[in-house]
Structures are given as structure tokens and as C-alpha cells.
1. If you scan the stretch 223-242, which residues turn out to be among the hydroxyl-bearing types (Ser, Thr, Tyr) and either on the phi > 0 side of the Ramachandran plot or more than 16 Å from ligand 2 (Cβ to nearest atom) (or both)?
2. Check Leu64, Leu5, Leu20 and return the single one that is outside the structural domain of Asp142 (by TED's automatic domain parsing) and modelled with pLDDT of 95 or more.
3. Take the conditions in contact with a helix residue (DSSP H, G or I) (Cβ under 7 Å, 6 or more places away or on another chain), charged (D, E, K, R), at pLDDT below 90 and surrounded by 13 or more Cβ atoms within 10 Å (Cβ to Cβ) and apply them to Glu28. Does it pass?
4. Condition first: under 33 Å from the mean Cα position of the chain (by Cα), exposed (fewer than 12 other Cβ atoms within 10 Å of the Cβ) and modelled with pLDDT of 75 or more. Now tell me which residues in the stretch 283-329 satisfy that.
5. Name the single residue that is nearest to ligand 2 (Cβ to nearest atom) among those in the stretch 52-62 being among the β-branched types (Val, Ile, Thr) and in contact with an Asp or Glu (Cβ under 6 Å, 6 or more places away or on another chain).
6. Mind checking which pairs have a first residue in the stretch 30-59 that is charged (D, E, K, R) and a second that is assigned to a helix (DSSP H, G or I), Cβ under 8 Å, 6 or more apart or different chains?
7. Does at least one position in the stretch 39-51 carry a residue that is within 16 Å of ligand 2 (Cβ to nearest atom) and within 20 Å of Val111 (Cβ to Cβ)?
8. Would it be correct to say that Arg3 is free of Cβ contacts under 8 Å to residues at least 24 places away in the same chain and exposed (fewer than 13 other Cβ atoms within 10 Å of the Cβ)?
Amino acid sequence: MSRVLEDIGKKLLAGDKRALARAITVVEAGGKPATALVKELFNHSGKAHIIGVTGSPGVGKSTLVDALVTEARKEGKKVAVLAVDPSSPFTGGAILGDRIRMQDHTLDKDVYIRSMANRGHAGGVSLATYDAIRMLEAFGFDVVIIETVGVGQSELAIAQTADTTILVLMPGSGDDIQAIKSGIMEIGDIFVVNKGDLPGANKSATEIIASLELAHHPTSWCPPVIVAISETGEGVDKIWQAVKDHGSFLNENDQLNERRKGKVKTELAEMVAEIARTNLEHSLESSDEIKDALSSVVARKLDPHSAAETIIRKLFGAAMESERTTNGV
Ligand SMILES: Nc1nc2c(ncn2[C@@H]2O[C@H](COP(=O)(O)OP(=O)(O)OP(=O)(O)O)[C@@H](O)[C@H]2O)c(=O)[nH]1
Ligand SMILES: [Mg+2]
């Protein structure tokens, strides 16, 4: 490992925020430096309560996160916020907005706010998110809050990097109906109907409660539905209490390990797929055997299925091939 990376790791562990910022930039970019840094710091990770906050654009996620940071700080907890925008190809304006909104906290040395966007990291933003969380944990944050926009598949994947997922909705947006339809009710551990000052908040909450009764819960946790006005902080104490209750629930019922097992499985599958993809791209350029296979398909001497098998054999070796044959027929 390079001296520079080693230095970043050491300084991060010593509480240097600039080193933390550099470390996140390194893991965001992926590749060998990211791998080296994660290897160095992995032992120091795994201790924070990871809270995911997700919901459609403009429902008030950042406002809520800001208020949650205030609650956590009242208890002396060190808090990091990661704002992840899976759709944005670069760090843009929305994030600047978040910074401005959260500026009350930026002078607090025990608060750290960082945004991440999908800057072409091959494995997508979720792999980078996992590693960024590790950097924040190694630094010593007690609570890491991840804000993601939207309720599509990639956002859900990011939300599921969390121990506790808060789904934020607002009255009159039809979001609740949408959420119920798309089956995302199952990923929420806590439901917040934000903008409780707008008409229809209680009606939305009632509808969500009704649909939760019908939904299948994987555990005995019964997700609370909380009406809040994040802008004034009203109801945010209840949300924070629910977060802590959920944390206790996970710990007392051995659910935390179960959840983390699921996350590790997802992450490993994604990581192996990324490595395979990178290997494949490289091999398509450089391996003579694979180039020959390509030409043979073009010349109609070989069918694409057989060519794919050749490539798989080349990339993963014979073991994979025989397994595929035994399982696949
Ligand atoms: N009336 C009302 N407005 C609120 C409340 N909370 C947030 N807002 C407003 O809603 C708008 C969006 O808030 P944000 O916190 O930026 O929402 P967001 O979900 O983070 O938005 P994106 O990150 O862009 O998806 C802002 O104008 C807030 O001031 C609330 O409780 N009541
Ligand atoms: Mg936001």
C-alpha cells in the first residue's frame, strides 16, 4: 500500500477530518486504492447505528435529517450525514442546497456532512456507499445518516445499507399510495408523514397504518407511523425515539446480525459482479482466445452460447464451468 494511503488511514483514525474527506474520495473512485484503504480500516468499522432516510424529491428529507442531527447531538452522539444521489452523474446543486440547510451544524466538530453522487464508479453508487460508511465508522461516528432521493430500485438498495430505514412521505402527494403499490412498505422500519402542517396528514397516516396491517413484516417489529413538521422540529423527538427503539429491537432480537448478513450478501454479489465485469472488459481487449471466439461468432463458426462458455472458462476456470453444467441441465 502506498505511503499516501497509509497516511490517510492513520490520520483518519486519529480524528483528522481532512483525511476522512480524502478517504471518502478514494473509496468513491473505487479501484485498487479503495480496496487497500478498506482493508486497512475494516477492523475499525461496524460500530455505528446506520440510519437510512429515503423518499421522493422534496418531501423534506434534508430538513428532517437536519432535525435528527440536532436530536442526536443533544445526547452527545457524533453524527455523520451522507447525502447520496444515485441519479446524478456529478456533485451538483441539490447537494449545495443541503449544505446550506445544514450549515448550523457545520461548525460543530462532532458533525460531518458529505454528499456523494454516482461518478461512474463501475459498481454503482451503492458499493461506494458501503465503503464510505466504513470510513465514517472508522473515524468514530456513533450515528451515520444516509439520505437518498427517490423510491426506485437503486435508492432502495442504498436505503438497505442501513440498520434502520425511515421512509418519508408527505400528505397529498399520492406517494403513500405509490409506496403501497410498489411494495416498498416492507423496507420501511419507521414511516414519517412529514409536512404535518399541510392538510391531509392524518388521513395519509391512517392509510399507511391500514396498509401496514396488510403488509407482510419479516420480523415482529411493528413500524410506527409518525406525523411530523420537520421545519419546526415538531414530532422529530418521536422519530428519534423510534430510531432508538428500533436499534434496541435489533440488538435484543439478534436481528442486527441477520440484517448485516443480508447486506454482506448483497454487497459481495455486487462486488464479485463488478470484478467479473472489469475482468471481462479487459479480457475482451487482451485475450487472444477470447478474441478468436469473437471472430468465430462473427464468421458463424461458433454460436454465441458456446463463445460465452469459452469466456466464462477463461475468466473463472474449469470449476465454474463444471458447476454450471451440473446445475444448468
Ligand atoms: N410546510 C412544510 N414544509 C416543509 C417541511 N419540511 C420541509 N419543508 C420544505 O419542503 C421543501 C423541501 O425540503 P427538503 O428538506 O429539501 O426536501 P428533500 O426531500 O431533502 O428534497 P430533495 O433532497 O431535493 O429530494 C423545502 O422548501 C422545505 O422548507 C414541513 O414540515 N412543512
Ligand atoms: Mg435533500
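The values are calculated or read from the model by the stated rules, or taken from the named source; none is laboratory data. From a predicted model like this one, the values you see are computed outputs, not experimental measurements. Neighbour counts are summed over all protein chains in view; Cβ atoms, including those assigned to glycine, are modelled from backbone coordinates with ideal geometry.
1. Matches in the stretch 223-242: Thr232 only.
2. Of Leu64, Leu5, Leu20, the one residue that is outside the structural domain of Asp142 (by TED's automatic domain parsing) and modelled with pLDDT of 95 or more is Leu20.
3. It is true that Glu28 is in contact with a helix residue (DSSP H, G or I) (Cβ under 7 Å, 6 or more places away or on another chain), charged (D, E, K, R), at pLDDT below 90 and surrounded by 13 or more Cβ atoms within 10 Å (Cβ to Cβ).
4. Glu285
5. Of everything passing the filter in the stretch 52-62, Val53 is nearest to ligand 2 (Cβ to nearest atom).
6. Within 8 Å, the pairs are Glu40/Leu5; Glu40/Glu6; Glu40/Gly9; Lys47/Glu137.
7. Yes.
8. yes
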